[in-house]
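Inspection log for the structure reproduced underneath, given as structure tokens.
The values are calculated or read from the model by the stated rules, or taken from the named source; none is laboratory data. In this text, all values refer to a predicted model and were calculated from it rather than measured experimentally. Neighbour counts run over all protein chains shown; Cβ positions are idealised from the backbone, glycine included. Ligands, DNA and RNA are excluded from the accessible area calculation, which covers all protein heavy atoms including side chains. Shrake-Rupley method; radii C 1.70, N 1.55, O 1.52, S 1.80 Å.
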Amino acid sequence: MRGTIVTVLLLCATAWAEEQPPEGEAKDGGFSVVPFALPAYQPETSWLIGGAAALVHQPSEQSGLRESQLLLAGSASLRKQFSVILSSDVFALEDRLHLGGTLSAAKFPDQFFGMGNATSASGKEPYTPTYYELEFSPKWRLFPAFYVGPSGRLQVARMAGQAPGGMLDRGEVPGSRGGTTVQLGLSALWDTRDSTLYPRTGALVRAHLRTAQPALGSTTEFNLLRIDSRGYWTMPYAQHVLALHALLELRSGEPPFYDTGKLGSGEMMRGYFEGRFRDRQHLALQAEYRAPLFWRVGGVVFASVGNVGRSLDMELLSAPKPAAGAGLRLAPVKDVPVNIRLDVAYGSDLSFYLNVGEAF
């Protein structure tokens, strides 16, 4: 499932739940239900409309505990793509236990360009996958802001609409007929951000180490290490913010092509169609400078570099792919730290993004 779409929907619901609680209720602790709908645009989807509802529990301000939420979100695009997801972000036992997980389904007409970092745009093949996913990750707090626990993921993929005579149609690529992936492993979370919506200081690190084995029910066998780290620094002038983002995905074995590292998206490597380049290994870095301009309007400039490859070797590191761009931010509601963002970026193509919430 495309993470950008889901992130946009959940960020907006989270914003209203956290910043605009029912009068006299959430301040003293309680539950609230927050519905909303919004449009968005990105190269992979064209225009889409999404909606969500959030069930939020906000502890009393005196408790110092974190809020919990269950989020139901869905979206549909002009390209006949749809997705629906139920997400859990629940803290229990006085924040000693974090219950994270998702249940999702998506049908996403897409383009396959081949495997590797030197594929041609002219060789793209259309295909229409349908994905069903269940992911769970209960974690115990070991230290302040640091959680560790088991992690599991079940994904069922069905393929249709392959281009006749193409690589997917001929079955030359792992996963071209779809399949089932069952992954088990460990996950870790470290979060010191001052805000989940518009962080100005702190860091976030998410790590997953999982294995997919035929003995678990998988149709393919591979291992995955994924580390996503983000840091934020407020400059000593005018509340400018420097944000850095690093992503590392390492795989061994033969994962299905739809579960490999994909270069490009509205979150990382803007300017590349998501999946324009894909392979087992994926490295990417990006930096973004955020500055207020006037009223509730801000501006950003960003740059990124990344690559994919079959092996972690000099070929992967020697010819990274660059991208850069700029954008505007508009806060539609005063004192609510969620922006509407309009970005233009150039990587392999000139791309535009209209979303809610920051890219990272």
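Observations on the structure shown:
- For the chain, accessible area per residue (1.4 Å probe, heavy atoms of protein chains only), Å²: 44 Å²
- Heavy-atom surface analysis with a 1.4 Å probe gives the chain a carbon and sulfur content of 64 percent of its accessible area.
- Scaled against 2.2 N^0.38 Å for its residue count N, the alpha carbon radius of gyration of the stretch 131-266 is 1.31.
- The lysines whose alpha-carbon is closer than 25 Å to the alpha-carbon of K334, local same-chain residues fewer than 8 away aside, are K27.
- Dipole orientation for the chain: of the candidates L184, P256, Q213, P256 has the Cα lying most toward the positive pole (charges on Cβ; Lys, Arg +1; Asp, Glu -1).
- Estimated FRET transfer efficiency (S120, A287; beta-carbon r; R0 35 Å; 0.05): 0.75
- Relative contact order of the chain, taken over Cα pairs closer than 8 Å and 6 or more residues apart, is 12 percent.
- Modelled label positions at V301 and R170, each set 7 Å beyond Cα in the direction of Cβ, lie 4.7 nm from each other.
- Sparsely packed GluC sites (Glu not before Pro) within the stretch 56-155, loop by DSSP, other Cβ within 10 Å at most 12: E61, E94
- P(r) of the stretch 69-200 over all Cα-Cα pairs, binned every 5 Å from zero, in whole percent: 2, 9, 14, 15, 15, 14, 12, 10, 7, 3, 1, 0
- Restricting the calculation to Cα atoms, the stretch 125-174 shows an Rg/Rh of 1.32 when the hydrodynamic-style radius is the Kirkwood one.
- Label-point separation in nm, S348 to L65, each point 7 Å along Cα→Cβ: 4.8 nm
- Helices in the chain, meaning DSSP H runs of at least 4 residues, each add -39500 (n - 2.57). Divided by all residues, the mean residue ellipticity at 222 nm is -2000 deg cm²/dmol.
- Residues of the stretch 283-306 with amide N under 18 Å of the 7 Å Cα→Cβ point at L242: 285-292, 299-305
- Rg(Cα)/(2.2 N^0.38 Å) for the stretch 239-360, N = residue count: 1.16
- A simple charge model with +1 on the Cβ of Lys and Arg, -1 on the Cβ of Asp and Glu and nothing else charged puts the dipole of the chain at about 540 debye relative to its Cα centre.
- Here the gap between L209 and A105, fully extended at 0.36 nm per residue and compared with their Cα-Cα distance, gives a gain of 35.1 nm.
- Across the chain, the volume of the C-alpha convex hull divided among the residues equals 136 Å³ per residue.
- Dipole of the stretch 234-360, positive direction: furthest Cα of P322, A291, A246, with charges on the beta-carbon: A291
- Descending Cα extents along the principal axes, the stretch 306-360, whole Å: 49, 21, 13
- Angle of helix 3-19 to the longest C-alpha principal axis of the chain, folded into 0 to 90 degrees and rounded to 10: 10°.
- Dipole of the stretch 22-148 [Lys/Arg +1, Asp/Glu -1 at C-beta], most positive-end residue of A118, F82, S60: A118
- Across the chain, the longest piece that holds none of the trypsin sites (Lys or Arg not before Pro) lying in DSSP loops with up to 12 other C-beta atoms within 10 Å covers 97-333.
- Per-residue HN-Hα couplings for the stretch 174-191 [Karplus 6.51, -1.76, 1.60; θ = phi - 60°; Hz; x = Gly/Pro]: x, x, 5, 9, x, x, 10, 10, 10, 10, 10, x, 10, 9, 9, 9, 10, 9
- Convex hull of alpha carbon positions in the stretch 85-149: directionally averaged projected area 6.8 nm².
- On full extension, the segment bounded by T234 and A145 gains 30.0 nm, given 0.36 nm per residue less the C-alpha separation.
- The value obtained for the stretch 228-311, namely the Cα convex hull volume divided by the number of residues, is 95 Å³ per residue.
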